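First up is the structure itself, then whatever we jot down about it.
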Amino acid sequence: MKIALYHNLTSGGSKREAFEFTKSLAVAGHYVDLYCPTTANEVFLPLAHYVKQTFKYPLYLQPPFKGRLPGFRKYIDLLAFGLNLQRLQQVSRRIAEDIDSQVYDFVFVHHDQIVQSPYLLRYLQTPSVYFCAEPMRQFYEPHIDREYDKPQARSEFFQRKWYAPARWLQAWATKHIDQQNVKRANLLLTNSYFSAESIYRAYGLRSQVVYLGVDADKFKPLNYLKGNYVLSVGAVSPFKNFDFIIEAISYVPQTIRPSLIIVG
């Protein structure tokens, strides 16, 4: 088959998934072309070795405002966010037009680092297969109250109240765009039945489960000596809940308590 591949991923697990899928498709003899904006991370697990052609599209994102401007900073960031969405839409239209001008059996679409479900899905005429690892968790999972998240001073409390409309509008726009984009995919794939249930709760859409494989030549017992430590791997983010691991280890008696190593 002739396949167009799209992603706008950072480094991490989703890029690993996209890399292994691309590698497997190429090894199986399928023709794969890569389409991505320049914001996509192609340093971590580069796909160039497994694709026939790579098409990169310039995308400049307005960075968050770094200066001091009390009372306006979050609202300036909101304007930058809107500008970035507009630029992402324009690039996505161009990519969709270029893909549709070729003859591909389908487009294999992966997450977008800004809006999760890519805008590309809206504009494609070619059949699309979207590998959705999960919905945007911040919108669909219960909030966990953490002490360090609470305002530490009265001024911080009022500042959060002042900035609340900007935060709400950005969150609402992101959630709405993600919901509209995912509905345009012709086929939804995901990695487990747990994720399939999460996708159905979030979007009301059915997805097909495709389990992620393991390279048994690399991941096998190596008979190393075991150390007294707990290893946790993942992005340093509240969603990974490292504070739960820290608290859990604190209940182990100090004389036998393992060390904690976090690889982020």
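The values are calculated or read from the model by the stated rules, or taken from the named source; none is laboratory data. The shown structure was predicted, so the numbers you read here are calculated from the model rather than taken from an experiment. Cβ placement follows ideal geometry from the backbone for every residue including glycine, while neighbour counts extend to all protein chains displayed. Side chains are part of the model used for accessible areas, which takes the heavy atoms of the whole protein and leaves out ligands, DNA and RNA. Shrake-Rupley method; radii C 1.70, N 1.55, O 1.52, S 1.80 Å.
A count restricted to segment 209-250 and to residues that are in a loop (DSSP other than H, G, I, E, B), more than 19 Å from residue 192 (Cβ to Cβ) and over 23 Å from the mean Cα position of the chain (by Cα) stands at 12. Check 12, 29 and return the single one that is under 13 Å from the mean Cα position of the chain (by Cα) and either surrounded by fewer than 14 Cβ atoms within 10 Å (Cβ to Cβ) or farther than 19 Å from residue 94 by Cβ (or both). When all the criteria are applied, what remains is 12. Being surrounded by 11 or more Cβ atoms within 10 Å (Cβ to Cβ), out of contact with any strand residue (DSSP E or B) (no Cβ under 8 Å at 6 or more places or on another chain) and over 27 Å from residue 149 (Cα atoms) is a condition met by at least one residue of segment 204-217.
Scanning segment 109-124 for residues that are surrounded by fewer than 21 Cβ atoms within 10 Å (Cβ to Cβ) and either aromatic (Phe, Trp, Tyr) or at positive phi (or both) gives a single hit, 123.
The criterion of at least 1 residues that are out of contact with any strand residue (DSSP E or B) (no Cβ under 7 Å at 6 or more places or on another chain) and either polar (S, T, N, Q) or modelled with pLDDT under 95 (or both) is met, among helices (runs of 4 or more DSSP H) falling completely within segment 41-143, by 73-101, 137-140. Looking across segment 94-103, the residues that are open to solvent by 20 Å² or more (accessible area, probe 1.4 Å), in contact (Cβ under 8 Å) with a residue 12 or more places away in the chain and over 16 Å from residue 39 (Cα atoms) come down to 97, 98, 100, 102, 103.
Of all residues in segment 156-173, none satisfies being closer than 25 Å to residue 20 by Cβ, over 17 Å from the mean Cα position of the chain (by Cα) and open to solvent by less than 40 Å² (accessible area, probe 1.4 Å). Looking across segment 32-53, the residues that are within 16 Å of the chain's Cα centre (by Cα) and of a type outside the set (S, T, N, Q) come down to 36, 37, 40, 42, 44, 45. The residue of segment 144-167 that is nearest to residue 239 (Cα to Cα), among those that are not basic (Lys, Arg) and not in a helix (DSSP H, G or I), is 144.
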